[in-house]
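The values are calculated or read from the model by the stated rules, or taken from the named source; none is laboratory data. From a predicted model like this one, the values you see are computed outputs, not experimental measurements. Here the Cβ is made from the backbone with ideal geometry for all residues, glycine too, and neighbour counts use every protein chain on show.
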Amino acid sequence: MAVRQLQRRQEGSREVFTPKPFELSERVRERLGATSEEMAAYIGVTFRTYQRRAQKGELADAESAKVEMLDSLLALGARVLGDDTRAGEWLTSPILSLEGKRPIELLDTIKGYERVKNKLLQIEYGTF
């Protein structure tokens, strides 16, 4: 714990990944229309680990980042596609212009997140 605090102090306001409350994951899960098992897979943990995070009330750093990416894309998707339901369906369906992958599968990296975000922006501006 002391090491984490020291690292954060050294980084100052440049913190990239900070643990988020588990309830953020649950709100995103509900908006996405996913089960707890699916949400665990989306953020890259086992269902048992997801349950432990629920009991603890906090996500780990990397899990928090993925949930924040999903939250951001759901908001953008709802704006572009009309609502959370359509955004969730788009994020979890294979997209031909993403080599047939589901957008949610690309959230393992920042580059993948940017590809998905850019695809939604292309749809919004009619340049797809």
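For the stretch 94-123, what are the residues that are in contact (Cβ under 8 Å) with a residue 60 or more places away in the chain and either buried (at least 16 other Cβ atoms within 10 Å of the Cβ) or part of a helix (DSSP H, G or I) (or both)?
Those that are in contact (Cβ under 8 Å) with a residue 60 or more places away in the chain and either buried (at least 16 other Cβ atoms within 10 Å of the Cβ) or part of a helix (DSSP H, G or I) (or both): I104, L107.
For the condition touching a residue at least 24 places away in the same chain (Cβ under 8 Å) and of a type in the set (D, E), what is the one hit in D83, D71? Please lay out each step first, then the result.
Numbers: D83 fails: touching a residue at least 24 places away in the same chain (Cβ under 8 Å).
Unique residue meeting the criteria: D71.
What residue, of L32, L91, is out of contact with any Ser or Thr (no Cβ under 6 Å at 6 or more places or on another chain), crowded, with 17+ Cβ neighbours inside 10 Å, modelled with pLDDT under 95 and under 28 Å from I123 (Cα atoms)?
L32
Sort out which residues of the stretch 23-46 are touching a residue at least 60 places away in the same chain (Cβ under 8 Å) and either assigned to a loop (DSSP other than H, G, I, E, B) or β-branched (V, I, T) (or both), and write them in order of number.
Selection gives G44 alone.
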